[in-house]
Amino acid sequence: MLSNSFIHLFTGSSIDVILIVAKLEKININPVVKDEGESARLAGFGIPAPLLQRVFVHSDEYKKAVKIIGTLFLVRAPFFFIFCIIIIIENYSCYYH
């Protein structure tokens, strides 16, 4: 598990994750990609969710990163923007309870 200084930003296909990581690295944000399927495969276990990866960013860079992925997916799928808002609410609500 990642430390509390990292916040979950996105879960999706490896193709979307590659795009997000490239855009974030362009603005000097170094995301952490967690691929449980690959970790399970390397350890010799079954793959729980193939091709799904999770992207985490440092809490200091979270707001900037959300803006970037919001603009990426707003063009492709308008409902993704709503998804980003839900993720933001879920992530911040855990700090205030």
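Here, each number is a calculation from the coordinates, and none is a lab measurement. Just so it is clear, the structure is predicted and the values come from calculations on it, not from any experiment. Because the Cβ atoms are built from the backbone with ideal geometry, glycine has one as well, and the counts that use them run over all protein chains shown.
Sorting 7, 15 from the fewest to the most surrounding beta carbons within 10 angstrom yields 15, 7. Between residue 11 and residue 72, residue separation times 0.36 nm minus the direct Cα-Cα distance comes to 20.5 nm.
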